[in-house]
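Written below as structure tokens is the structure these notes are about.
The values are calculated or read from the model by the stated rules, or taken from the named source; none is laboratory data. Computed from a predicted structure; not experimentally measured. FYI the Cβ positions are ideal-geometry reconstructions off the backbone, even for glycines, and counts take in every protein chain you see. Calculation scope for accessible area: heavy atoms of the full protein, side chains included, ligands and nucleic acids excluded. Shrake-Rupley method; radii C 1.70, N 1.55, O 1.52, S 1.80 Å.
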Amino acid sequence: MLNQKATLESIKRKFDVQEIRKDFPILSVKVNGKPLVYIDNAATTQKPDVVIESMKYYYTHENANIHRGLYFLSEAATQSYETSRMKVKEFINAMSASEIIFVRGTTEAINLLSSSFCKSGMIKEGDEIIISYMEHHANIVPWQLVCERNKAKLRVIPISDEGELLLEEFEPMINEKTKIVSIVHTSNSLGTINPIKEIIKIAHRHGVPVMVDAAQAIQHTKIDVQELDCDFLAFSGHKIYGPTGIGVLYGKTEYMNMLPPYQGGGDMIRTVTFEKTTFDDLPNKFEAGTPNIAGGIGLGVALKYISSFNFDDIQNHEKKLLEYATQRMLEIDGLKIIGTAKNKTAVISFVIDGLHPYDIGTIVDNDGIAIRTGHHCTQPIMQRFNVSATARASFGIYNTLEEIDIFVESLRKAIKLFR
Ligand code: PMP
């Protein structure tokens, strides 16, 4: 079995971006004969060797189904998978590993929560659910479905022209009909970092639980669920240098015990007869069927990898990238940044006069540069800022200032070509 400790890294590594780049094999890939410049980290991050190897190790040395077998392989696989759950618990400082539910990703986490909330009878006709204008579709559509099913109402916290929440409008929206606030920690299309602790405090003052979408926060900042005092939190493994197809729903025990299961099947039951089924304890109650075992193991290794750095060093590096890229990009005539919040993560959405974002994406791809173009699954944001789409550059731990120079030169080339 892999030598995986239940605990995360406590001895921290020096933050050296050139050394970090060596951990990511894909960064030596050439695209169109040029070195890859990967700046689409808000969509997904690249994977370090240790994550890739851990999944290969599982398939070559431990592959078996978990929780069921009494034989060596099954016990080894179970131990590796459950060790990962412990790592997640430690990473976000949950009270207990049973509060960590493995899911496919943030989308499934929010669907699980909204669906169980809906079935629980906690949301009745006329009740209200509060989200914000800057939500990803994953934190809009599931709640909208709940509202349609239960005849409840979706209420939306507005934002300013800078892309900041109008917090003063939030508290007056809460009333005795408000059943949950589900809100993004950090916006994937604007980069805005929301004052999440304050939002939770306000909601709790009125006895309303809060779900935090941490898909764009978990890789950039230290998340401590007990310190935040959030009731639920979701994130995806693939955005924190881990595998796709695995993510986490954290939920306080008191709520998760109250909520009914999301899906039924094997591994989530205690007893089954044709008359009645009784359910297992947390977290099994919410994990029906064979899970993504390799993904779970890979996620644990990714969290251990990121824990080998000081979060302050990660933040300083990404702040430097954000500031430099913002300054260089604003030197370009006709380039406008959408999302100029004071507190921002290393995400830059932009438009350029006379160029369609898709043309920008295609031209920079010729130079080996990967950026995102489109609505970024935030169509209401596009409507709010009166654009159909934006181009978006988003940075991670392995990006460099030199890559930003290459990107800016490529943007200038695109402008020359299209204007
Ligand atoms: N919320 C936010 C803020 C996101 O950025 C994303 C991914 N772009 C999601 C939710 C959905 O994550 P996933 O597709 O991994 O389920």
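Some points to look at:
- Here residue 358 and residue 313 are evaluated by their C-beta separation; at R0 = 35 Å the FRET efficiency comes out at 0.45.
- Relative contact order %, region 56-306, counting alpha carbon pairs below 8 Å whose residues are six or more apart: 24 percent
- With semi-axes defined as the square roots of five times the eigenvalues of the C-alpha gyration tensor, the equivalent ellipsoid of region 358-414 measures 23, 14, 9 Å, largest first.
- Model label sites at residue 253 and residue 365, defined 7 Å from Cα along the beta-carbon direction, differ in position by 5.0 nm.
- Accessible solvent surface per residue of region 56-306, calculated while the other protein chains remain in place, 1.4 angstrom probe, Å²: 39 Å²
- GluC sites (Glu not before Pro) lying in DSSP loop within region 267-345, provided at most 13 other Cβ fall within 10 Å: 275, 331
- Each other residue within a Cβ distance under 13 Å of residue 256 adds +1 if Lys or Arg and -1 if Asp or Glu, for a net charge of -4.
- Protection-proxy order for peptides 345-353, 297-305, 15-23, each taking the mean of Cβ atoms within 10 Å per residue, highest first: 297-305, 345-353, 15-23
- Computed helical MRE - 222 nm, the chain, DSSP H runs ≥ 4 contributing -39500 (n - 2.57), nearest 500: -11000 deg cm²/dmol
- Note on residue 98: accessible area is roughly 30 Å² with a 1.4 Å probe, heavy atoms of protein only.
- A straight line joining the Cα centroids of region 98-121 and region 143-185 runs 19 Å.
- Mean Cβ neighbour count within 10 Å, used as a protection proxy, ranking 117-124, 217-224, 24-31 highest first: 217-224, 117-124, 24-31
- Taking the centroid of alpha carbons for each part, region 309-323 and region 341-400 are 21 Å apart.
- Cβ-placed point charges (K, R +1; D, E -1), dipole of the chain about Cα centre in debye, nearest 20: 400 debye
- The C-alpha atoms of the chain occupy a region whose extents along the principal axes are 71, 54, 36 Å, arranged from largest to smallest.
- Dividing the Cα radius of gyration of region 56-306 by 2.2 N^0.38 Å, with N the residue count, gives 1.03.
- Distribution of pairwise C-alpha distances over region 1-136, 5 Å bins, in %: 2, 7, 10, 14, 16, 15, 13, 10, 7, 4, 2, 0
- Taking 0.36 nm per residue of separation and subtracting the current Cα-Cα distance, fully stretching the chain between residue 156 and residue 26 would add 42.8 nm.
- Apolar share of the accessible surface for the chain: 53 percent from carbon plus sulfur atoms, 1.4 Å probe.
- The residues packed around residue 417, meaning those with a beta-carbon under 15 Å from its beta-carbon, carry a net charge of -2 if Lys and Arg are +1 and Asp and Glu are -1.
- Inter-probe distance in nm under a simple model that places probes 7 Å from Cα toward Cβ, at residue 402 and residue 145: 4.7 nm
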